[in-house]
There are 6 protein chains.
Amino acid sequence: MPYVNVRITRDGVTAAQKAQIVAEITDTLVRVLGKKPDHTHVVIDEVDLDNWGFGGELTSELRRQR
Amino acid sequence: MPYVNVRITRDGVTAAQKAQIVAEITDTLVRVLGKKPDHTHVVIDEVDLDNWGFGGELTSELRRQR
Amino acid sequence: MPYVNVRITRDGVTAAQKAQIVAEITDTLVRVLGKKPDHTHVVIDEVDLDNWGFGGELTSELRRQR
Amino acid sequence: MPYVNVRITRDGVTAAQKAQIVAEITDTLVRVLGKKPDHTHVVIDEVDLDNWGFGGELTSELRRQR
Amino acid sequence: MPYVNVRITRDGVTAAQKAQIVAEITDTLVRVLGKKPDHTHVVIDEVDLDNWGFGGELTSELRRQR
Amino acid sequence: MPYVNVRITRDGVTAAQKAQIVAEITDTLVRVLGKKPDHTHVVIDEVDLDNWGFGGELTSELRRQR
């Protein structure tokens, strides 16, 4: 009965990309662990760049510096 | 000191429904486990239909198929 | 398709108490939001007293002080 | 900068299976979203059967009934 | 390889405040545990007042009563 | 009403180190955001090396390769 939470930065990910992520992760859990698709939930959280810190700085700031 | 996270699809849940969920879950933890209400936090996350996958497909797609 | 995560301190909660918590929270979500029981997952995490901080101190230390 | 949390029941999953899950989910995020492997974390939580409720009952109880 | 999730009510926190929180928490983990900044992610979730329950009531309601 | 979840690899972190992490993160949230200590929970999850994937490999495997 897997529950998967995928957290990524909010970067204009499309519904088609989300569908592919959900399909592939579900397939992995079904194939590797024998889980049932109907017990498998995958929730994607998109996080604003101002809310994701990495290396001590906000991602929004890190991108401005690049 | 319970912390409860309720994740549901975003489906127009009203503030009154959220208040009832918070009241009932808090009551359960106080009554069954003897927790103090003032130590009990319940956070509700509403997830867009495009971001919740189930059975290998997005909920938004599953609803279109019904 | 609710997913609920209940985090509590590890305090010898019994399987019967866990079963009651799962039954009541599921009932709340079915009754208040019309969710299906077969789509409702409730996961309980028991956290060691040394790993739960409250008010700036570990719970293990707070209990020694009482 | 993805962070993925995979929650499954504790069922004797081997390190080789965990390695395959991590490799495949990382590959999915790199291929579909262009994420960097070195920014991609996948954390697997194994949950005791007494702590995972489904359909209003503990998984430990559901398995006894089968 | 720390991952930190900070959940707070949505109260107009500024990017400068978020940057300070990320910088300080990263510094704590580097200094106390010897973690590498480049392995340290801090994600801030801002939760609507209607979605955070405390003491059995929604925060939005608690603030109206004050 | 902050809730903070710190996830780190299980590496023999001491109760004193945990206490310092809790004290410092609570202090950050009180000082930067004006939060009340009595509303601030910090939960530390220690994750086995076989359960934390990074860069597509388990941390346990990455350490063997060093």
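The values are calculated or read from the model by the stated rules, or taken from the named source; none is laboratory data. Note that the structure is a prediction, hence the values are computed from the model and not measured. All Cβ positions, glycine included, derive from the backbone under ideal geometry; neighbour counts span all protein chains shown. For accessibility, only protein heavy atoms count, side chains too; no ligands or nucleic acids. Shrake-Rupley method; radii C 1.70, N 1.55, O 1.52, S 1.80 Å.
Numbers for the structure displayed
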item	result
Between F and D, accessible area buried - total, square angstrom, nearest 100, 1.4 angstrom probe	1100 Å²
Computed over region E:3-65, Cα set: Rg, Dmax in Å	14.9, 45
E:ARG31-A:ARG31 pseudo-label distance in nm [points 7 Å out on the Cα-to-Cβ vector]	4.7 nm
For region D:3-65: relative contact order, % (alpha-carbon pairs under 8 angstrom, 6 or more apart)	43 percent
For the protein assembly as shown, the fraction of alpha-carbon pairs in successive 20 Å shells from zero, as %	28, 63, 9
Radius 9 Å from Cβ of F:GLY55, net charge of other residues (Lys, Arg +1; Asp, Glu -1)	-1
Out-of-range pairs (alpha-carbon distance over 25 Å; input B:LYS18/D:LYS35; E:LYS18/F:LYS36; A:LYS36/D:LYS18)	B:LYS18/D:LYS35
Counted charge near B:ASN5, where neighbours are those whose Cβ lies closer than 15 Å (Asp, Glu -1; Lys, Arg +1)	-2
Rounded to 5, percent antiparallel among DSSP beta bridges of the protein assembly as shown	50 percent
Degrees separating the helix C:15-33 axis from the principal Cα axis of chain C, which is the longest one	50 degrees
Rounded FRET efficiency, nearest 0.05, which uses the C-beta distance separating A:ARG64 from D:ASP38 and R0 of 22 Å	0.55
